[in-house]
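Colleague: Could you have a look at this structure, given as structure tokens, before my questions?
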Amino acid sequence: MNNRKSNYLKNQKMGNIYWGYLMIAPTMIGLFILNIFPIFQTLYLSLTKSGAFGKVTFIGLKNYIDIFHDKLVIQSFLNTFIYTILTVPVGVFLSLTAAVLLNSKIKGKTVYRTLFFLPVVSVPAAVALVWRWIFNSKFGFINNILSLLGVKGINWLTEPKFAMIAIVVVGIWSMIGYNMIVLLAGLQEISPTYYEAAEIDGAGPIRKFFFITLPLITPTLFFVIITTFISSLQVFDLIYMMIERTNAVLPKVQSVVVLFYRYSFERNMKGYGSAIITMLFFVILLITYVQLKLQKKWVHY
Amino acid sequence: MGSLLESSEKGKGDIVMKKSTYKYKNGLTIHTLLIIGSIFMFIPFIWTILTAFKTLPEAIQVPPTILPENYNFSNFTKALKSLPFFRFYFNTIAVIIIRVIVSTFFAAMAAYAFARIKFPGRNIMFMFVLIQMMVPTQIFIIPQYLIVQKLGMLNSIGALVFPGIVTAFGTFLLRQFFMGLPMELEEAAIIDGANKWQIFTKIMLPLARSGMISLSIFTALFAWKDLMWPLIVNSDLEKMPLSAGLAQLIGQFFTDYPVLMAGSILAITPMVIVFILFQKQFISGVALSGGK
């Protein structure tokens, strides 16, 4: 009896090992080939120089030393930080506002939600094309409106300062819908009993927002901030599509990932490109780590 | 709910009146803010549509017209003639279908094993899933490109599909989903002598349907919007998806904005229609990504 039972358990255990490995096999094999091994390969490539015909020579840390002397790389990191620092707070603030407004009992919610979400389902290449036209200095929509107000047209996409603003506006416009939905899901988790209790105590909408909504939404807000930070640091599509290669403003607005793409695939400097993207990886890691540490101060679980 | 409350409060006199006017005012502010927001979100689309029907001289005349003088479709035919849009659609749909089916199924398998089967090394394996999610995707791109190149797959649908056949994010997402399902469901099947595969396909997969639909929509949206990878692996126009194909339009119609706008509409519309049809699934898919 005892023997049979232990046999059964043994079979059960062997079965678990068999099925467990069999079922994770496709994902894990794919993950190792496509992701885990490539991490190490990129780290290795960042220590090499890629020559003609795919020849790779080991050069140690030279790429990293060169990066610190490459004005284009330093400028692209700076551009990326400026883009991120402008996009994240404004974008998250507007997403939260939209989510809170849509969380109230009003009619036509689906219509608003649809309008806000449309940019999320649009192809970035098309979005960038559309905005290039809107920001067109002579015939664009924005300068047309400005001229009605008596303001002289602005060279949106050819002056560094304005080009960055234009890209930031498009970046924010593209992400509001997505973050709004995530925050809305968080808001709907808040039990209505809190609000009922506050109403009995005579709290108005503003007090309710600051004393109930905001503290209870912090975990979701934290998630949204972190993901927006990471995706902003990786901005590519908008800049690649909105700013021509021949546009003199390019060095002043191109992001790290755009530069990584240009070095790695247009100039075929894969070793140098690998070093640039490795640097970005460490920057993202550092910022995420700092945010995880800081969250204890403001996120309420 | 709202109408119920109102009817029960009717006839309570002054206080109710005050409360309802207060609510009405509040609703007005909310609507005003949301309408302003909607205009900001929607004007680019309107301006695109209006421009797409204008002739080039009309689009660049000063002062501008708002509505086109004549609605002509020549910009659309120009865009369709200069680029193989129907190939772009086909390539995009093919990539999305293959990616969605293969990666969702693999992710569900792995997710079930990680959530419900105890085997040695499970935690270490799962750690690799987490690592993939934390590393920026560009880190993988050069090695992935080198593999595709070595396999001679450049300029093929296969190249577009390749990095998307497995998904760490999807595995993580579905694992959460499986962990939330009650254990008792499996016990009866185990007593009946079903093996793990039978439990997975007969009991778990049907239960995970909503999670898998959300993941599918997520995968589709990602494949639809991806630009860098298609630009890298496919330079042949016939093999490009919409995202990269549209990028070629700029080179040809650099300043012919009406044609560019027509092209943008051709590229945006399909997913907008899909979104409007499956709005609920899109929203729940995105909501799920927030870890809820």
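Colleague: Pick from region B:159-194 the residues that are among the charged types (D, E, K, R) and either touching a residue at least 60 places away in the same chain (Cβ under 8 Å) or buried (at least 20 other Cβ atoms within 10 Å of the Cβ) (or both): which of them is nearest to the other protein chains (Cβ to nearest Cβ)?
Modeller: B:R175
A quick yes/no check of all residues on (1) crowded, with 19+ Cβ neighbours inside 10 Å; (2) closer than 23 Å to B:N195 by Cα:
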| residue | (1), (2) |
| --- | --- |
| B:F90 | no, no |
| B:R99 | yes, no |
| B:A107 | yes, yes |
| B:A111 | yes, yes |
| B:K118 | no, yes |
| B:R122 | no, yes |
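Each row is one residue, and each column tells you yes or no for (1) within 11 Å of chain B (Cβ to nearest Cβ); (2) of a type in the set (A, V, I, L, M); (3) closer than 30 Å to A:N136 by Cβ.
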{"residue": "A:R245", "(1), (2), (3)": "yes, no, yes"}
{"residue": "A:F265", "(1), (2), (3)": "yes, no, yes"}
{"residue": "A:G271", "(1), (2), (3)": "yes, no, no"}
{"residue": "A:I276", "(1), (2), (3)": "yes, yes, no"}
{"residue": "A:K293", "(1), (2), (3)": "no, no, no"}
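Colleague: Do you know which residues across region B:176-194 are charged (D, E, K, R) and not in a helix (DSSP H, G or I)?
Modeller: B:D192
Colleague: Restricting to region A:199-212, name every residue that is more than 23 Å from A:G91 (Cα to Cα) and either surrounded by 16 or more Cβ atoms within 10 Å (Cβ to Cβ) or touching a residue at least 40 places away in the same chain (Cβ under 8 Å) (or both).
Modeller: Within region A:199-212, A:A203 is the sole residue that qualifies.
Colleague: Hey, A:W131 hits all of (1) facing chain B (nearest Cβ under 9 Å); (2) without any contact (Cβ under 8 Å) to a residue 60 or more places away in the chain; (3) of a type in the set (F, W, Y) but one; which does it fall short on?
Modeller: Of the numbered conditions (1) facing chain B (nearest Cβ under 9 Å); (2) without any contact (Cβ under 8 Å) to a residue 60 or more places away in the chain; (3) of a type in the set (F, W, Y), the odd one out for A:W131 is (2).
Colleague: Among the listed residues A:P215, A:P219, which satisfies the condition of being facing another protein chain (nearest Cβ under 9 Å), within 25 Å of A:G91 (Cβ to Cβ) and surrounded by fewer than 20 Cβ atoms within 10 Å (Cβ to Cβ)?
Modeller: A:P219
Colleague: If you go through region A:50-76 one residue at a time, how many are within 14 Å of chain B (Cβ to nearest Cβ) and either in contact with a Cys (Cβ under 8 Å, 6 or more places away or on another chain) or in contact (Cβ under 8 Å) with a residue 12 or more places away in the chain (or both)?
Modeller: Residues in region A:50-76 being within 14 Å of chain B (Cβ to nearest Cβ) and either in contact with a Cys (Cβ under 8 Å, 6 or more places away or on another chain) or in contact (Cβ under 8 Å) with a residue 12 or more places away in the chain (or both): 4 in total.
Colleague: Does region A:247-254 contain at least one residue that is outside any helix (DSSP H, G or I), more than 11 Å from every other protein chain (Cβ to nearest Cβ) and buried (at least 22 other Cβ atoms within 10 Å of the Cβ)?
Modeller: Scanning region A:247-254 turns up at least one residue that is outside any helix (DSSP H, G or I), more than 11 Å from every other protein chain (Cβ to nearest Cβ) and buried (at least 22 other Cβ atoms within 10 Å of the Cβ).
Colleague: Now for a different question. Can you pull out the residues in region A:154-201 that are over 18 Å from the mean Cα position of the chain (by Cα) and closer than 19 Å to A:A248 by Cα?
Modeller: Matches in region A:154-201: A:I154, A:N155, A:W156, A:L157, A:T158, A:E159, A:P160, A:K161, A:F162, A:A163.
Colleague: Just need a number here: residues in region B:48-80 that are surrounded by 15 or more Cβ atoms within 10 Å (Cβ to Cβ), within 8 Å of chain A (Cβ to nearest Cβ) and either in a loop (DSSP other than H, G, I, E, B) or in contact with a Gly (Cβ under 9 Å, 6 or more places away or on another chain) (or both).
Modeller: Residues that pass the stated criteria total 2.
Colleague: Of the residues B:I49, B:I43, B:I39, which single one is out of contact with any Leu (no Cβ under 8 Å at 6 or more places or on another chain), of a type in the set (A, V, I, L, M) and touching a residue at least 40 places away in the same chain (Cβ under 8 Å)?
Modeller: B:I49
Colleague: Please enumerate the residues belonging to region A:43-59 that are more than 14 Å from A:S274 (Cβ to Cβ) and either touching a helix residue (DSSP H, G or I) at 6+ places or on another chain (Cβ under 7 Å) or of a type in the set (K, R) (or both).
Modeller: Within region A:43-59, just A:K55 meets the criteria.
Colleague: Condition first: surrounded by fewer than 22 Cβ atoms within 10 Å (Cβ to Cβ) and at the interface with chain B (Cβ under 10 Å from one of its Cβ atoms). Now tell me which residues in region A:223-233 satisfy that.
Modeller: A:F223, A:T227, A:I230, A:S231
Colleague: Identify the single condition in (1) small (G, A, S); (2) touching a residue at least 12 places away in the same chain (Cβ under 8 Å); (3) at the interface with another protein chain (Cβ under 10 Å from one of its Cβ atoms) that B:A287 does not satisfy, given that it satisfies every other one.
Modeller: With respect to (1) small (G, A, S); (2) touching a residue at least 12 places away in the same chain (Cβ under 8 Å); (3) at the interface with another protein chain (Cβ under 10 Å from one of its Cβ atoms), B:A287 is out only on (2).
Colleague: Sticking with this one: Out of the residues in region A:105-128 that are of a type in the set (G, A, S) and facing chain B (nearest Cβ under 7 Å), which is nearest to B:F218 (Cα to Cα)?
Modeller: Out of the qualifying residues, it is A:S122.
Colleague: Give me the pairs, please: first residue somewhere in region A:164-175 and on the phi < 0 side of the Ramachandran plot, second residue anywhere and among the acidic types (D, E) and surrounded by fewer than 23 Cβ atoms within 10 Å (Cβ to Cβ), beta-carbon distance under 8 Å, and either six or more positions apart or on two chains.
Modeller: Final answer for the pair search is none.
Colleague: Can you find a residue in region B:149-156 that is touching a residue at least 40 places away in the same chain (Cβ under 8 Å) and assigned to a helix (DSSP H, G or I)?
Modeller: Looking for residues that are touching a residue at least 40 places away in the same chain (Cβ under 8 Å) and assigned to a helix (DSSP H, G or I), one finds none in region B:149-156, hence no.
Colleague: Another question about this same structure. Among the residues of region B:110-119, are any assigned to a helix (DSSP H, G or I), in contact with a helix residue (DSSP H, G or I) (Cβ under 8 Å, 6 or more places away or on another chain), at the interface with chain A (Cβ under 8 Å from one of its Cβ atoms) and hydroxyl-bearing (S, T, Y)?
Modeller: Among the residues of region B:110-119, at least one is assigned to a helix (DSSP H, G or I), in contact with a helix residue (DSSP H, G or I) (Cβ under 8 Å, 6 or more places away or on another chain), at the interface with chain A (Cβ under 8 Å from one of its Cβ atoms) and hydroxyl-bearing (S, T, Y), which makes the answer yes.
Colleague: Continuing with the same structure: Is it the case, given these coordinates, that B:I142 is in contact with a Leu (Cβ under 8 Å, 6 or more places away or on another chain) and at the interface with another protein chain (Cβ under 8 Å from one of its Cβ atoms)?
Modeller: Yes.
Here, each number is a calculation from the coordinates, and none is a lab measurement. Note that the coordinates shown come from a computational prediction; the quantities given were computed from them, not determined experimentally. Cβ: placed from backbone, ideal geometry, glycine included. Neighbour counts: every protein chain shown.
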